[in-house]
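Written out below as C-alpha cells is the structure these notes cover.
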Ligand code: DOR
C-alpha cells in the first residue's frame, strides 16, 4: 500500500496542515505527518473533507449496463469526491432478494473505487403489493439497512406500516419516494403556471406532500426510521419540520438539481430537464436551500439517474425522467450554499449524516489520527465548464452542460488508496 503525505491541506476549511495516510488510516496530522518514502501530494489551497457519501445513486447494473455499470458509476462517484454510494434497487432484475443485493455489493468491491452499499426494494419487483425479503437482504453479505422502492412510491399505507415495523427490528430505514400515484397520472412536469402555459400535464406538489404527511404519521406511530427521498417542495419542508418537532424519526434529502434549477427549464422542451419529482418553482428552490441550512432537510443526495441517449434525446413526453449528479454535486452545493454552510456544514450534509443514516461506520468521519482514510481533496478556487463528453458516467444526461461551476475534486482516497489523483481516476 502506498503511504501518502498530503501537504498543506485545509481540513474542513481550517488552517493548512499535513496528513499522513498509511495502511488505510489517517496515521498522523500536523508536524509529525511524515514517513520515509511517502508519496507527496501537494494540497496547497485544497480543502480536505471526509469522503462524500451518496444515499441515492442509480447504478443501473444489473439490467441497463448500456446506461451505467457499477464500474462506470463508481468512477463518476470517485471523481465527484465520493467514497461511498448507496445503489438504488430499481435495477433489472430488481434488487429485492439477497442474491441481487449481494451481486451489486460484489460488483462494487471488484470495481474497488467506492464502497457500493446496495439498497433493497421494499416490495417484490417494486410492485407495491407484497413485502420483499427484507430480513434476508439485511442478513446477506451486503448487510442492507436502507430499503426503497425509489422510482415508485410505496403507496399502500398498510404495506408501508408493515415495512416500517419490519425494519425497526434491526434499525433499518425506509426511504420513501413520496408520490401519490393517483395524483400524478400522465404527469410531465411541475403543476403550475409554466405547465399551464406549455400545455403539459402537471405533477402537483400535494402528491408529494400528502405522502410525506401520511408516512410521518405512520413512522411516528410505529417508532421506526423514515427517510424522504428527493424533497422538492416548500410544503414538504413545512411537514418535515412539523414531524421533527413532534419527535418523529424522520430524515430528508434534497438533490443538487432541486437546489438550483426551476420548472422554467421545461420551456426548452429539452428532456435533459425532465426528472421525477420535477423541477419546481423559484420559491420552492429558496425554501429547500433554507431548509438545508436550517437542518430540516438533513442531507444532499444526488439521485444520479443515468439514461441512454435513446431514452433521453427524444420527445419530452417519451423521455425517461432523471439526471446525472455524481460528478457535479459538490460544485452545485458549493455554488448555492457554501457561504451559509461553510465546509463543515457541507461535510455534515454530504458525508457525516448520510453515512449515519446508511449505517456506514467507516465513512463520514473527519480526517484525524486513527480514522479510516476515506477523504477527498477539493480545490474550491477552480472553475470548470461542464462537458458531457468528458464525464466518466456511461450516460450524458447532465443538466449542467456548458455551465461553469466552482470547485474541482483533485484527489479522493478510499481506505488509504488513491482512487483519484490530479483530478483523474487512478485505476
Ligand atoms: O428522475 C428520476 N429518475 N426519479 C426517480 O425517482 C427514478 C430515477 C430513475 O431511476 O431514473
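Summary table below
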read-out: Average silhouette area of the stretch 91-237, convex hull of alpha-carbon atoms, in square nanometres; value: 9.8
read-out: Per-selection metrics, the stretch 1-102 (Cα): Rg and Dmax in Å; value: 18.1, 52
read-out: Relative contact order of the stretch 42-130, pairs being alpha-carbon contacts under 8 Å that are 6 or more residues apart, as %; value: 29
read-out: Cβ-Cβ FRET estimate between residue 316 and residue 424, R0 fixed at 35 Å, reported to 0.05; value: 0.45
read-out: Neighbour-count ranking [beta-carbon atoms within 10 angstrom, fewest first] of 231, 167; value: 167, 231
read-out: Hull volume in cubic angstrom per residue (convex hull over the Cα atoms of the stretch 125-204); value: 103
read-out: Ranked 170, 413, criterion: other C-beta atoms within 10 Å, fewest first; value: 170, 413
read-out: Packing-based ranking, highest mean first, of 124-131, 415-422 given that Cβ atoms within 10 Å are counted; value: 415-422, 124-131
read-out: Kirkwood-based Rg to Rh ratio, the chain, C-alpha trace; value: 0.96
read-out: Largest-first ellipsoid semi-axes for the stretch 236-321, taking √(5λ) over the Cα gyration tensor eigenvalues, angstrom; value: 29, 14, 10
read-out: Helix 329-347 axis, angle to the chain major axis (alpha carbon atoms, nearest 10°); value: 70
read-out: Value at 222 nm in deg cm²/dmol, rounded to 500, when DSSP H runs of n ≥ 4 in the chain each add -39,500 (n - 2.57); value: -8500 deg cm²/dmol
read-out: Percent breakdown of C-alpha pair distances by 10 Å bin, ordered from the shortest bin, for the stretch 279-322; value: 24, 33, 28, 16, 0
read-out: Over the chain, relative contact order from alpha-carbon pairs under 8 Å, at least 6 apart, %; value: 20
read-out: Two-decimal Rg/Rh across the stretch 231-386, once Rg and the Kirkwood Rh are taken from alpha-carbon atoms; value: 0.99
read-out: Cα gyration tensor shape for the stretch 320-380, rounded if a/c is under 1.5, else prolate or oblate; value: oblate
read-out: Among 75-84, 3-12, the order from most to least packed when residues are scored by Cβ within 10 Å on average; value: 75-84, 3-12
read-out: Rg in Å to one decimal, and Dmax rounded to a whole Å, for the stretch 183-259 via C-alpha atoms; value: 14.0, 44
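No lab work stands behind these numbers, since they all come straight from the coordinates. Since we're looking at a predicted model, the values are computed, not measured. Cβ sites come from the backbone with ideal geometry, for glycine too, and all protein chains shown count toward neighbours.
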